[in-house]
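Here the structure is laid out as structure tokens; the discussion comes afterwards.
FYI, it's all coordinate maths here, none of it is from the lab. Keep in mind it's a predicted model, so treat the numbers as computed, not measured. Positions of Cβ are backbone-derived with ideal geometry, glycine not excepted, and every protein chain shown enters the neighbour counts.
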Amino acid sequence: MAIKNILVVDDSPTDRQFLSELLSRSGFQVSTAESAEDAMAKVKQAPPDLVLMDVVLPGQNGFQATRALTRDETTKTIPVIICTSKGQETDRVWGLRQGARDYIVKPINKAELLKKISALG
């Protein structure tokens, strides 16, 4: 499946803007959410081809949201890449155990992110 539409989930307006611009300039359609709850509603309303999920979010965290998305019959085929400042190996392993397809640590390297997205498509 070619990835065209990406949902960026991040509570930081700066990070949302950075990722949105980076992805838009690379030819992707981008929508954003600032919480896990907002992301879940948007995914159900208009399923994206990929979700980029931060971990530290208000309310439900990104690990919980990833687990919910990847276990739900209606959303489990949507890949999730966790994009977070949590760079410990235990965080990465936990994120992948929740169902994330990949894990990338901030600050985001454009080439690395695009390579990971390309590998999914």
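The table for this structure:
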{"quantity": "Scan of segment 37-67 for residues that are more than 22 Å from K116 (Cα to Cα) and of a type in the set (A, V, I, L, M, F, W, C), ordered by number", "calculated": "M40, A41, A46, L57"}
{"quantity": "Qualifying residue in segment 3-23 (condition: in contact (Cβ under 8 Å) with a residue 12 or more places away in the chain, assigned to a loop (DSSP other than H, G, I, E, B), of a type in the set (S, T, Y) and surrounded by 16 or more Cβ atoms within 10 Å (Cβ to Cβ))", "calculated": "no"}
{"quantity": "The listed residue being without any contact (Cβ under 8 Å) to a residue 24 or more places away in the chain, outside any strand (DSSP E or B), more than 11 Å from the chain's Cα centre (by Cα) and within 12 Å of D11 (Cα to Cα), out of E37, E73", "calculated": "E37"}
{"quantity": "Top-ranked residue of segment 48-70 - restricted to ones that are touching an Asp or Glu at 6+ places or on another chain (Cβ under 9 Å) and part of a strand (DSSP E or B), ranked as farthest from L23 (Cα to Cα)", "calculated": "M53"}
{"quantity": "Complete set of residues in segment 41-56 that are surrounded by fewer than 19 Cβ atoms within 10 Å (Cβ to Cβ) and farther than 13 Å from I3 by Cα", "calculated": "A41, K42, K44, Q45, A46, V56"}
